[in-house]
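Heads up, the thing below is written out as structure tokens.
The values are calculated or read from the model by the stated rules, or taken from the named source; none is laboratory data. Note that this is a predicted model, so its numbers are computed, not measured. Neighbour counts are summed over all protein chains in view; Cβ atoms, including those assigned to glycine, are modelled from backbone coordinates with ideal geometry.
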Amino acid sequence: MRRPFIAGNWKMTQNRASAVALASGVAKATKSVEGVDVAVCPPSCYLDAVAAAVAGSNVGLGAQNMYHQGDGAYTGEISAAMLLDLGCRYVILGHSERRHILGETDQDVNQKVMAALAAGLVPIVCVGETLPEREAGKTLDVIRTQFNGSLAGLTGEQMAGIVIAYEPVWAIGTGKTATPEQAEEVHADLRGIMAGCYNREIAEAVRIQYGGSVKPDNAAELLSQPNIDGALVGGASLKVDSFLGIVTKALG
Ligand code: PGA
């Protein structure tokens, strides 16, 4: 049985005070939640403050990005070891905003995944098609290409420990959610790809989150799909009530 995993991607929002308040609120609200992994991913400049706010709670800490090099002359970048040092357990990699706005390629994502795993972080690796790609019937091809490129060279053991987030680009921040059937089709396909590249046991171990306009009122239906193991939540993770509303839907 895969344990559901709900993560909040705060993106480039908050200030120090609101980040601490939101993190403390989530920690308090999830105090008695069992059977679901919960994490928040604040902007990197607030990781330290949020780490202190969630210390000793059920809430894990994640970053939204990192650089693949260990250390050195890489102005403006943050390494996996630095994230670990700040108390992170997770790092989101290959989010569509990084792919499409910042120009990250599958190869970039792959280097980051390898560095994150080597350091002991759990990567949350995002894949997802754009609207024109979906309309052209290319969704599964795009997902397969991103999977093969972003996750090249992982051992079975490494694969089993990562998290994949399927986030259709057209559903992110738009209020348009993939239907449970549309999402389940891609999630099932991803599991089939993993079974082919590795084996059924590994494929069954990997948690695949859905992301893209997940809200308390659509979460139950999405999370009830057999291959949807959690959610990567943007907008609805910025309020304690709506994030908790999604977490409680994962309780089953
Ligand atoms: P959204 O963002 O929930 O606001 O659509 C999801 C994401 O980008 O991870």
Practice item. Filter segment 1-48 down to the residues that are polar (S, T, N, Q) and part of a loop (DSSP other than H, G, I, E, B), then identify the one that is nearest to the chain's Cα centre (by Cα). Key: Thr13
Practice item. Quick one: count up the residues across segment 37-77 that are crowded, with 20+ Cβ neighbours inside 10 Å, over 19 Å from Ala17 (Cα atoms) and β-branched (Val, Ile, Thr). Key: 1
**Study point:** Any chance Lys239 is at pLDDT 95 or above, more than 20 Å from Cys126 (Cβ to Cβ), over 16 Å from the mean Cα position of the chain (by Cα) and crowded, with 20+ Cβ neighbours inside 10 Å
**Key:** no
Check your understanding: Does Ile162 satisfy the condition of being over 21 Å from Val233 (Cβ atoms) and either out of contact with any helix residue (DSSP H, G or I) (no Cβ under 8 Å at 6 or more places or on another chain) or in contact (Cβ under 8 Å) with a residue 40 or more places away in the chain (or both)?
Key -> no
Check your understanding: When residues of segment 203-214 are filtered for being surrounded by fewer than 24 Cβ atoms within 10 Å (Cβ to Cβ) and near the ligand (Cβ under 8 Å from one of its atoms), how many remain?
Key -> 1
Study note, to complete from the structure: Given (1) within 13 Å of the ligand (Cβ to nearest atom); (2) in a loop (DSSP other than H, G, I, E, B), Glu129 misses just (1)
Check your understanding: When you go through (1) closer than 22 Å to Ala7 by Cα; (2) at pLDDT 95 or above one by one for Ile193, which number turns out not to apply?
Key -> (1)
Review point. Do the conditions hold for Ala231, that is, is it free of Cβ contacts under 8 Å to residues at least 40 places away in the same chain, within 15 Å of the ligand (Cβ to nearest atom) and closer than 19 Å to Gly35 by Cβ?
Key: no
Review point. Which ones in segment 186-200 are free of Cβ contacts under 8 Å to residues at least 24 places away in the same chain and among the charged types (D, E, K, R)?
Key: Arg200
